[in-house]
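Trainee: Structure in C-alpha cells, see below.
Coordinate-derived values only; no laboratory data. Please read all numbers here as calculations on a predicted model, not as lab measurements. Note: ideal-geometry Cβ built from the backbone for every residue, glycine included; neighbour counts use all protein chains shown.
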Amino acid sequence: MKNNFELLEELKCVLEHLFPLCRSLTGEKNRETLRILSNILPLAIHEVPTGTKVYDWIIPNEWNIRDAWIADSKGRRIVDFRASNLHVVSYSEPIALQMNWDQLSSHLHIHKELPDAIPYRTSYYQHGWGFCLTHSQYSELKQLQGPFEVVIDSDLRQGSLSYGECIIHGKSKKEILISSYICHPSMANDNLSGVILAAFLGRQLSRRNDLNFSYRFVFVPETLGAITYCFKNEQAMKNIDIGIVITTVGGPGKYGYKQCWDRSHPINQIVEEVLEQAQEDFITYPFDIHGSDERQYSSQGFRINCITITKDRYYEYPEYHSSLDNLDFVTASQLEKSLQIYMQLIDKLEARHIYRNRNPNGEVMLSRYNLYSLVGGALHPLLNGRSDLDIILWLLFWCDGNTAIEDIARKLNLKNEIVYECAETLTKHGILEKI
Ligand code: ZN
C-alpha cells in the first residue's frame, strides 16, 4: 500500500514537472524531457544533425522558442505564450511586427467544437507562423481590429533531432520494442501519459534479473523520430517481431487496444487476455494505416507487430489535441492503473515458452528418433481427440522461434502443459531448441 502511494506521488510529480515544457519535433525542451526521464530510466541520448538524410526524409532545422504574444496598442497581452505553449503553432518562424486584424486573422486557429480550448497545431515542413486561441480571444481581437503587436521570439537553426534509448538485457537476445513519442507540448494524455508510463515500465523491468526477453525502449519525436531511429538501428530493428507503442494511456475513459498489422499474430490474443483478466471492458481497434509510430515500425522494411493499449485513445476523445487534454483529464491513479496493465502484458510475454525447429527444411524423419512409435492406434483422451503424432507435427510446423507453446496450445485447443511436455521431448532429441 505504501509503495503504491509512493508510486502515485512519483507519477504526479513527473506529470507536473514535464507538462509545461514546450516540446516539438526538435529543440532544447525535448532534450530536457529526455534528461528528466533519465532520472527514472537511464537513457542514452542521441543527436542527429540538421540536414541528415534518413530514408526519404531530411532532419530539419532545430526549433526553439522563448516567448510569443499578441498585444493590443497599450501593450496588454491578449494571447500569451507564457499562459500556454499551445498558443503558438509549433515550428513558427520568428516575427516581430505591427499589424491589423486583416493581416493577422489568416494566422489564427480556433477549435471548431470546443470554444474554451486552445487547439494544437504544427507546421514542421511548411514555413510560416501562427497562433492558436480560444473563441473569446478570437472575438476580442476581431473587435479591436488592431493595431496589434505580434511577436514570436523563436529561432530555426542548424541543430539536431534528439532521441533517447535504453536497452534492458534479458537472458535472450530476442528483443521487444517499446516506443513512445516525446514531441507533444503541454498535453497530458497525448502523449505525456505514454512517455511517463514507458519510463516507469522501463524502470520496473530494469530492476528485475529474471527477464527472458531483452527490451529496447525508445523515446522519439513521432514519425520522423521513429523513422530516424529505424535508420540508425536498421539491423536490430529488422530482427524484432513484437513492438509496443505506448500512447494516450492516462484518460478517464475506456481501455482500447489497436491490433498489430498481422491479425493472426498471437500478441493480439495475449493483449485481449490481459484486459479480460483485469476485468476491463475494452474497445478493439483493428490495424489501420493511420495512428502513431507503428506506421513506421510496421512498414515493409521492418514489419514489427506493434500493439497499443490505450485509455482514451487518440482521435477518440473530445479534448484530443487541445489545451483541455490537461492534468485534470489525466491523473496519476489512471496512469498507475495503465502501468499495471502493461506490466501484466509483460508478465504474460515473459511467461511464454518459445522453441525453434532445428530442421525447418521439410519434415523431420521421426522414426530415426524412435518417435514414430509413439503413434498408437488409440487417441489419447487428454488430447482432445488428438494423437501424440498430431501434436509433434504441429510443433514442428509452428515452432519458428516466434510462436510460443502457449500460442500453439491455444490453436490446438489443448492445455499448455501437454504441448510443453511434448516440446521438451523433442528438445531432448535435439529436434527443437528452446529460445
Ligand atoms: Zn498527437
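Trainee: Which of the chymotrypsin sites (Phe, Trp or Tyr not before Pro) across the stretch 1-86 are loop residues per DSSP, with 14 or fewer other Cβ within 10 Å? Working shown, then result.
Mentor: Details: sites: Phe5, Tyr55, Trp57, Trp63, Trp69, Phe81; in loops: Tyr55, Phe81.
Sparse-neighbourhood loop chymotrypsin sites (Phe, Trp or Tyr not before Pro): Tyr55.
Trainee: Note down the relative contact order for the stretch 271-423 as a percent, whole number, built from C-alpha pairs under 8 angstrom at least six residues apart. Please report the intermediate quantities before stating the final value.
Mentor: On the way: 96 pairs, mean separation 28.8, N = 153.
RCO, the stretch 271-423: 19 percent.
Trainee: Let me ask something else. Quick check: Cα centre of the stretch 109-165 to Cα centre of the stretch 294-360, how many Å?
Mentor: Between the Cα centre of the stretch 109-165 and that of the stretch 294-360, the gap is 30 Å.
Trainee: Sum -39500 (n - 2.57) across every DSSP H segment of at least 4 residues in the chain, then divide by the residue count to get the 222 nm mean residue ellipticity, nearest 500.
Mentor: Working: 13 runs with 136 residues, N = 435.
For the chain, the value works out to -9500 deg cm²/dmol.
Trainee: How tilted is helix 28-38 with respect to the longest principal axis of the chain? Cα atoms for both, answer in degrees (0 to 90, nearest 10).
Mentor: Tilt of helix 28-38: around 40 degrees.
Trainee: What angle, in degrees between 0 and 90 and rounded to the nearest 10, separates the Cα long axis of helix 266-277 from the longest principal axis of the Cα atoms of the chain?
Mentor: Helix 266-277 sits roughly 80 degrees off the main axis of the chain.
Trainee: Send over the Kirkwood Rh of the chain, from the inverse of the averaged 1/r over different Cα pairs, rounded to one decimal Å. Write down the numbers at each step before the final one.
Mentor: On the way: mean 1/r = 0.0417 Å⁻¹.
After inverting the mean inverse Cα-Cα distance, the result is 24.0 Å.
Trainee: List the aspartates and glutamates whose Cα lies under 18 Å from the Cα of Lys348, skipping any in the same chain that are fewer than 8 positions away.
Mentor: List returned: Glu175, Asp210, Asp241, Glu272, Glu273, Glu276, Glu280, Glu406, Asp407, Glu417.
Trainee: Something else about it: Which of the residue pairs Lys112/Lys254; Lys53/Lys434; Lys12/Lys238; Lys29/Lys53; Lys29/Lys174; Lys12/Lys173 have a Cα-Cα distance greater than 30 Å in the structure shown?
Mentor: Table pairs above 30 Å Cα-Cα are Lys53/Lys434; Lys12/Lys238; Lys29/Lys174; Lys12/Lys173.
Trainee: Would you please put 305-313, 40-48 in order of how densely packed they are, using the mean number of other Cβ atoms within 10 angstrom per residue and starting with the highest? Don't skip to the answer; put the middle values down first.
Mentor: Details: 305-313: 25.8, 40-48: 16.2.
Descending mean neighbour count gives 305-313, 40-48.
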